[in-house]
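Below is one structure, written out as structure tokens; comments come after it.
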Amino acid sequence: MSFRIKSALAMAVVMAATGTFYLFSVVEASRAIGHTAPPAVAVAYVLAVIVVSIIVQTALALIWPRDANARADERERAMQTTAGNWAGWVLSVGAVGALGHYWVNGDGNMLFHLVLASLIVAQTAEYASQIFLDRTRL
Amino acid sequence: MGRKPPPIDNRVRAFREREGISQAALGEAIGVTRQTVIAIEQGRYSPSLESAFRISRVFGVGVEDIFVWTEAPGGAPRLK
């Protein structure tokens, strides 16, 4: 497994775990106040993603320093491009869905959470796509 | 997804084993990762023209000695 795929696998797990944490945070906060939680709930999530990502990437770079400093080769660049393209579609669908939800319900707080959730899902999908493309024909 | 794979076969593995070179060493020589060399040998990835030339230079042969177009003649229209 190349360093970039190890990194993508680690980050996919980080995004899925922190995304789940975010989901439960929003649900619990919303239940506590009786309506959709305000965007401030996302602060803890953002801090968690930043801290955990730094720890994970630092650990990977310390374990495989040479690979971490190497530039992506042609195949890795092509995988990143394709995976990014697919993630863009995921983000677009999520964002449009969030806008549609806002149009119908007028819930601005939910719009914020749905857009952020779309970002999380899209980023997770990008990492998962890189892993998929590494295993199949590019 | 759903795109037909290019009709290109290769003999990279045969040449590499004949020369006694590891996948990692070949990757190092042409500027790609070991995983990319594996993907090339398994037919899951067609290298760029530059990488194909670099591979052939490593083995001291021509590009078409290693990479083979497998589509039957007449498959693509000839330009006038």
**Q.** Nonlocal amide H pairs with residue B:8, under 5 Å, H built at 1.01 Å
**A.** B:70
Q) Helix A:74-105 versus the longest principal axis of chain A: what is the Cα-based angle in degrees, 0 to 90, to the nearest 10? A) 0
Q) Can you sort A:11, A:1, A:79 by how many other beta carbons sit within 10 Å, fewest first? A) A:1, A:11, A:79
Q. P(r) of chain A in 10 Å steps, Cα pairs, percent per bin?
A. 12, 34, 32, 16, 6, 0
Q | Fully extended contour minus Cα-Cα distance, from residue A:35 to residue A:132, at 0.36 nm per residue | A | 31.0 nm
(Q) Compute the helix-to-body angle for A:42-63: its Cα long axis versus the longest principal axis of chain A, expressed 0 to 90° and rounded to tens. (A) 10
Q: Could you compute the FRET efficiency for residue A:20 and residue A:78, with r as their C-beta to C-beta distance and R0 at 35 Å, rounded to 0.05?
A: 0.70
(Q) Please report the net charge: other residues with Cβ closer than 13 Å to the Cβ of residue B:68, K and R +1, D and E -1. (A) -3
Q: For region B:1-72, just the Cα set please: Rg and Dmax, both in angstrom.
A: 11.8, 36
Q. Just counting partner chain Cβ atoms within 10 Å, what average do the residues of peptide B:40-48 show around their Cβ?
A. 3
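No lab work stands behind these numbers, since they all come straight from the coordinates. Values in this document were obtained by computation on a predicted structure and should not be read as measured data. Cβ sites come from the backbone with ideal geometry, for glycine too, and all protein chains shown count toward neighbours.
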